[in-house]
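Notes for the one structure printed next.
The values are calculated or read from the model by the stated rules, or taken from the named source; none is laboratory data. As the structure is a computational prediction, the values presented were derived from the model and not from experiment. We place every Cβ from the backbone using ideal geometry, glycine too, and count neighbours over all the protein chains shown. SASA here: full protein model, heavy atoms, side chains in, ligands and nucleic acids out. Shrake-Rupley method; radii C 1.70, N 1.55, O 1.52, S 1.80 Å.
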Amino acid sequence: MTKKTLQLLATVAAVAGMSFAATTAHAAADSASSTTTAKVTLEAGSVDPEKPSAGGIELVSAPNLVFENVTLDGATTQTTKQTGAVDPVVIKNPGVASGWNVTVANTAFGTEADGAGDTIKAGTMTLTSTTPTTTNTDTTDTANTPTAQTVELPTEGTTAKPVASAALKAGVGTWNVNYSNAALTVPANNVAGAYTSNLTWTLTNAPA
């Protein structure tokens, strides 16, 4: 009788233990968290000392323009297009937040080496802009894209006119503005000769 009673108690104890384990498995778990930080410093890069620069922003290149020859007819204003490959206006900004702008000015189209001192009168050189393109890997940041303007320069020469600009904290990276679609109008009241105009491209490290 005693032996059987002990066996029954042992069985009851085992069942009770299983029930406790099951109850423990379904109990709500506690949690704890800790907040840490990740830090990095981004430093503005350097520019080529051989290139024009302003405030750490570099004017990498600007175009030389060669127009197709014009045969004067003494009656009409003629338009000639730029010919051959043209370097774009390239601005490199290695992380400077100031923004930037580029202008261009031109001297009068004058004859070369013949001493006559003739200039092209009442003509216009038009630099038609394109949407700036970039070598940046992230092109989704549209707020970073600079703006470009079509520029009309009189053949008698003019002061600086805006070419491209970027707002504060914009225009970061390398940006290209292509003016390969340039044109020159020449009225009929001009004399034959070889003419040259000097273009001065100026970069400023501030928005326009």
Practice task
Have a look at Thr147, Thr135, Thr126 and tell me which one the Gaussian network model of the chain (Cα, springs below 10 Å) gives the largest fluctuation.
Solution key: Thr135
Problem - 1.4 Å probe accessible area per residue over segment 70-208, in Å² - result: 49 Å²
Completion exercise
Number of Lys pairs in the chain closer than 26 Å at Cα, excluding neighbours under 8 places apart unless interchain, is 10
Handout entry: Rg ratio (alpha-carbon, reference 2.2 N^0.38 Å) - the chain
Key = 2.19
Fill in the blank from the handout: Helix-only [θ] at 222 nm, the chain, -39500 (n - 2.57) per DSSP H run of 4+, per residue, nearest 500, equals -4000 deg cm²/dmol
Handout entry: Of all accessible heavy-atom area on segment 67-208, the percent that carbon and sulfur account for (1.4 Å)
Key = 51 percent
Exercise for the section: Compute the distance in nm between two label points, each set 7 Å from the Cα along the Cα-to-Cβ direction, one at Ala105 and one at Asp141. Expected result: 3.3 nm
Handout entry: Using alpha carbons only: equivalent-ellipsoid semi-axes of segment 87-199, gyration tensor based, whole Å
Key = 35, 12, 11
Problem - FRET E, pair Val66, Thr133, Förster distance 35 Å, beta-carbon r, rounded to 0.05 - result: 0.95
Fill in the blank from the handout: In nanometres, the difference between 0.36 nm per residue of separation and the alpha-carbon distance of Asn189 and Thr159 is 8.4 nm
Handout entry: Among Val60, Val96, Val191: highest mean-square fluctuation, GNM of the chain, C-alpha pairs under 10 Å
Key = Val191
Fill in the blank from the handout: Checking rank on 168-174, 80-86, with mean other Cβ inside 10 Å and highest first, the result is 168-174, 80-86
Problem - Restricting segment 39-145 to GluC sites (Glu not before Pro) in coil, as DSSP defines it, with at most 14 other Cβ within 10 Å - result: Glu43, Glu50, Glu68, Glu112
Handout entry: Alpha carbon centroid spacing (whole Å) that separates segment 146-186 from segment 54-101
Key = 7 Å
Handout entry: Extension gain (nm, one decimal) between Ala44 and Leu168, 0.36 nm per residue minus Cα-Cα
Key = 43.1 nm
